[in-house]
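What follows is one structure encoded as structure tokens, with my remarks underneath.
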Amino acid sequence: MTEIIGSVINLDLMARYGPRFLDGVVVTLQLVAISFLLGGLLAVPVALARLSKSGVLRALAYGYVYFFRGTPLLAQVFLVYYGAGQLRGAFEAVGLWTFFRDAWFCALLTFTLNTAAYQAEIFRGGIQAVPRGQSEAAFALGLPRWVAYVKVVFPQALVTALRPLGNELILMIKASAIVSLITIYDVMGVTRLAFSRSFDFQVYLWAAALYLILVEAVRRLWAAAERRLTRHLKPV
Amino acid sequence: MSFLKLEKIVKRFGDATVIDNVDIDAERGEFVVFVGPSGCGKSTLLRMVAGLEEVTAGDIYLDGVNVTYTEPADRQVSMVFQSYALFPHMSVRDNISFGLRMAKTPREEIDRRVAEAARILQIENLLERKPRQLSGGQRQRVAIGRAIVRNPKLFLFDEPLSNLDAELRSQMRVEIARLHRNLGVTMVYVTHDQVEAMTLADRIVVLRAGKVEQIGSPADLYERPDNMFVAGFIGSPKMNFLKASVAAVNGGTVTVRHPALDADLTLPTRHEPAVKPGDEVVLGLRPEHLAVGDGGAARLTLRGEFAESLGATSQLYAQTGSGETMILQVPGRRSLAAGEEIRAGFDPAHAYLFDSTGRAI
């Protein structure tokens with residue numbers, strides 16, 4: 001059995017880089033999870049600004065979303081990471097250089113801003129999908145606008161947004177491979193390191209398998225969460 | 001002063017005027033129904049009373065207070081929507097108590113009010129269910145319950161029965177009437193169904209194209225319509241209209257002529273008649289006031305088309321010689337052969353007369 005596995009998988013290579021790959025998985029998950037959550041928090045005000053009656057707010061939010069959805073994530077990562085180096089003096093003056101000199105924080109910031117733009121559009125769609133009668137019913141019950149939105153509109157908007165948010169999370173897991181280009185040892189960073197030392201193409205297959213496992217795990221967890229959160233909508 | 005007063009209300013969407021200088025009063029405890037065809041502005045008017053739609057011009061007074069620019073939350077008004085607008089993520093109990101909970105009402109008070117509303121509406125056994133588990137009629141009751149518990153000064157209903165089937169609609173109509181009797185609260189109700197309007201209202205406001213055509217009790221509107229639109233809108237089947245000509249005007253009477261009439265018909269007028277011999281007028285006859293045969297002081301000769309049997313009554317469709325369609329509503333089952341000549345008698349006291357602009361004479 002070991003011989004069969006050994007003929008398919010380079011066990012020495014696995015022994016040498018296996019722990020590094022697991023570290024890479026942790027880095028990938030941390031990057032994606034933190035940026036996804038922070039992006040979600042930023043997305044709500046951006047979505048509300050996109051729906052605002054104020055032309056200025058709408059224009060600012062639209063510009064932000066337009067830029068981050070309209071340019072490649074790779075370009076955004078390079079812009080922040082290499083651009084920060086160009087502005088070192090300015091960042092040192094305001095005490096932000098310790099943040100921007102670290103590739104991890106640059107990646108986290110870029111991913112947060114990028115996913116916030118996508119999530120803002122998802123939330124905007126979710127909010128617009130809630131029938132107008134729902135907020136009006138809340139107003140007619142004597143609720144202030146913010147209560148109506150927090151207690152009535154947002155919970156329903158979130159249900160509509162669940163599936164596209166799941167897609168966005170999966171896209172982020174796959175897109176996270178980009179950070180390997182700025183010296184971060186995520187799954188792809190470790191893969192590139194292993195390949196540069198072993199020249200064994202097998203490590204890329206391991207990376208593909210790991211991404212598939214991660215995506216499938218997230219997909220299943222998300223589907224379970226979605227089932228639970230939409231129980232009240234299922235016909236009896 | 002009236003409990004609810006709408007004063008010179010105007011609503012424009014861009015260049016389109018959807019409510020045009022409307023004045024309406026409602027007394028405390030009155031059941032007022034806004035009725036009219038689709039797009040006449042009745043729902044927009046109701047939404048302005050609720051504060052969900054901005055008023056372009058004019059004022060709204062509630063219990064003597066100008067609420068034109070008051071937030072919906074501060075108007076002490078409850079609204080029941082056509083779509084029910086129940087919150088799908090909350091149970092029936094939470095839906096009903098939601099407004100009270102957000103207003104920080106004491107727990108015992110909330111429980112008491114919810115229990116009372118559930119008892120009145122017979123939904124005690126539904127309190128733990130979610131809206132998806134309810135039928136249309138049950139959802140409607142929950143929506144009404146949610147409005148009741150706030151003890152509002154004014155109830156607004158926006159076509160609340162239009163999504164229900166015929167049987168449930170008539171059942172809920174009775175329940176809403178009973179609710180009004182028990183609560184004694186002022187209610188404003190929007191519908192395009194004149195049967196609902198006639199059965200529920202103390203007073204009906206008939207709207208067309210953003211203007212008030214007539215305000216009055218159901219009996220007033222049925223017996224003394226101000227114009228052809230109201231005459232045709234109130235009553236089912238709708239009033240028959242025949243183009244006639246004035247033969248003579250004599251003080252308080254007008255004599256009209258029509259080829260289908262056996263003889264000239266002299267009718268009393270409601271107003272000083274602004275017509276003269278030779279003018280074109282419209283004669284209005286309700287289907288239920290026409291009887292087959294030679295009974296009645298006035299008679300028409302018609303050519304039969306077909307009959308619809310409705311069980312207790314039949315509707316006969318016939319034409320005058322000049323091709324005007326007439327409907328007769330007669331008791332029992334009655335067949336009618338195409339082309340069959342029929343005589344229709346009526347009492348001139350039940351005939352209506354309108355001038356060429358459609359105003360009642």
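The values are calculated or read from the model by the stated rules, or taken from the named source; none is laboratory data. The structure presented is a predicted model; accordingly, all values stated were derived computationally and were not measured. Cβ: placed from backbone, ideal geometry, glycine included. Neighbour counts: every protein chain shown. When the accessible area is computed, the model is the full protein with side chains, heavy atoms only, and any ligands, DNA or RNA have been set aside. Shrake-Rupley method; radii C 1.70, N 1.55, O 1.52, S 1.80 Å.
Numerical summary
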read-out: Relative contact order (%) - criterion: Cα under 8 Å, at least six apart; region: chain A; value: 26 percent
read-out: Karplus-derived HN-Hα couplings along the stretch A:167-173 (A = 6.51, B = -1.76, C = 1.60, θ = phi - 60°), whole Hz, x at Gly and Pro; value: 4, 5, 5, 5, 4, 5, 4
read-out: For B:71-83, mean number of other protein chain Cβ atoms within 10 Å; value: 4
read-out: Built amide H within the under 5 Å cut-off of B:Phe157, gap 5+; value: B:Val80, B:Val188, B:Tyr189, B:Val190
read-out: The stretch A:107-113 - phi-based ³J(HN,Hα) in whole Hz, Karplus 6.51/-1.76/1.60, Gly and Pro as x; value: 5, 4, 4, 4, 5, 4, 5
read-out: Within the stretch B:255-312, GluC sites (Glu not before Pro) in DSSP loop having at most 16 other beta-carbon neighbours inside 10 Å; value: none
read-out: Net charge contributed by nearby residues that have their C-beta within less than 12 Å of A:Glu121 (K/R +1, D/E -1); value: +2
read-out: Protein accessible area in the stretch B:148-191, 1.4 Å probe - carbon and sulfur %; value: 42 percent
read-out: Excluding exposed DSSP-loop chymotrypsin sites (Phe, Trp or Tyr not before Pro) (at most 12 other C-beta within 10 Å), longest clean stretch of chain A; value: A:1-198
read-out: Percent carbon-and-sulfur accessible area, the stretch B:240-354, ignoring ligands, DNA and RNA, probe 1.4 Å; value: 50 percent
read-out: Computed magnitude of the charge dipole of the stretch A:27-189 (debye, nearest 20; Cβ of K, R +1, Cβ of D, E -1); value: 480 debye
read-out: The stretch B:1-106: trypsin sites (Lys or Arg not before Pro) in DSSP loop, at most 10 other beta carbons within 10 Å; value: B:Lys104
read-out: Two-decimal Rg/Rh across chain A, once Rg and the Kirkwood Rh are taken from alpha-carbon atoms; value: 1.07
read-out: Centre separation in Å (Cα based) which lies between the stretch B:93-133 and the stretch A:150-196; value: 42 Å
read-out: Table column - 3J(HN,Hα) (Hz), the stretch A:93-100, Karplus curve with 6.51, -1.76, 1.60, x for Gly and Pro; value: 4, 9, x, 9, 5, 4, 6, 7
read-out: Listed residue (B:Phe354, B:Gly304, B:Ala177) projecting farthest to the positive dipole end of the protein assembly as shown, Cβ model; value: B:Ala177
read-out: Over the protein assembly as shown: helical MRE at 222 nm, DSSP H runs n ≥ 4 each giving -39500 (n - 2.57), nearest 500; value: -14500 deg cm²/dmol
read-out: In degrees, nearest ten, helix A:73-86 long axis to first principal axis of chain A (Cα); value: 80 degrees
read-out: Heavy-atom accessible surface of the stretch A:27-189: percent carbon and sulfur, 1.4 Å; value: 68 percent
read-out: Rh by Kirkwood over Cα pairs, then Stokes-Einstein D for the stretch B:240-354 at 1.306 mPa s and 10 °C, µm²/s; value: 109 µm²/s
read-out: Partner chain coverage, peptide B:112-122 - average Cβ within 10 angstrom; value: 0
read-out: Relative contact order computed over chain B (Cα-Cα under 8 Å; 6+ residues apart), in percent; value: 15 percent
read-out: B:Val67 long-range amide H proximity, modeled H, under 5 Å; value: B:Ile60, B:Tyr61, B:Leu62
read-out: Check: the stretch A:139-236 dipole with +1 on Lys, Arg Cβ and -1 on Asp, Glu Cβ, in debye; value: 480 debye
read-out: Surface accessible to a 1.4 Å probe, per residue, for the residues of the stretch A:27-189, Å²; value: 47 Å²
read-out: Rounded Å value of the spacing that divides the Cα centres of the stretch B:229-273 and the stretch A:105-130; value: 69 Å
read-out: Full-stretch length increase - B:Asp94, B:Val65 - with 0.36 nm per residue and alpha-carbon distance subtracted; value: 7.3 nm
read-out: Probe 1.4 Å, accessible area per residue of chain B, Å²; value: 43 Å²
read-out: In the stretch A:10-96, trypsin sites (Lys or Arg not before Pro) in a DSSP loop with at most 15 other beta-carbon atoms within 10 Å; value: A:Lys53
read-out: Protein heavy-atom accessible area occluded, A/B pair - total, 1.4 Å probe, Å²; value: 2000 Å²
read-out: Averaged over B:145-152, number of beta-carbon atoms from partner chains that fall within 10 Å; value: 2
read-out: Amide H contacts of B:Glu305 (H built 1.01 Å from N, under 5 Å, at least 5 apart or other chain); value: B:Tyr317, B:Ala318, B:Gln319, B:Gly339
read-out: Candidates B:Glu159, B:Glu175, B:Glu128, ranked by Gaussian network fluctuation over chain B, Cα under 10 Å, top entry; value: B:Glu128
read-out: Shape box of chain B [Cα atoms, principal axes, largest first, Å]; value: 75, 45, 35
read-out: Scattering profile of the protein assembly as shown at q = 0.05, 0.06, 0.07 Å⁻¹ [log10 I(q)/I(0), Debye over alpha-carbon scatterers]; value: -0.40, -0.54, -0.66
read-out: Proximal lysines relative to B:Lys42, as straight alpha-carbon distance under 23 Å, when same-chain residues fewer than 8 apart are discounted; value: B:Lys5, B:Lys8, B:Lys11, B:Lys153, B:Lys211, B:Lys238
read-out: Environment charge at B:Ser78 (Cβ cut-off 14 Å; Lys +1, Arg +1, Asp -1, Glu -1); value: +3
read-out: Lys, Arg +1 and Asp, Glu -1 on Cβ, resulting dipole of the stretch B:250-361 about Cα centre, debye, nearest 20; value: 160 debye
read-out: Charge tally in the Cβ shell below 14 Å around B:Gly339, where Lys, Arg are +1 and Asp, Glu are -1, B:Gly339 excluded; value: -2
read-out: Global geometry of the stretch B:23-144, whether rounded, prolate or oblate, following the gyration tensor of its Cα atoms and the 1.5 cut on a/c; value: prolate
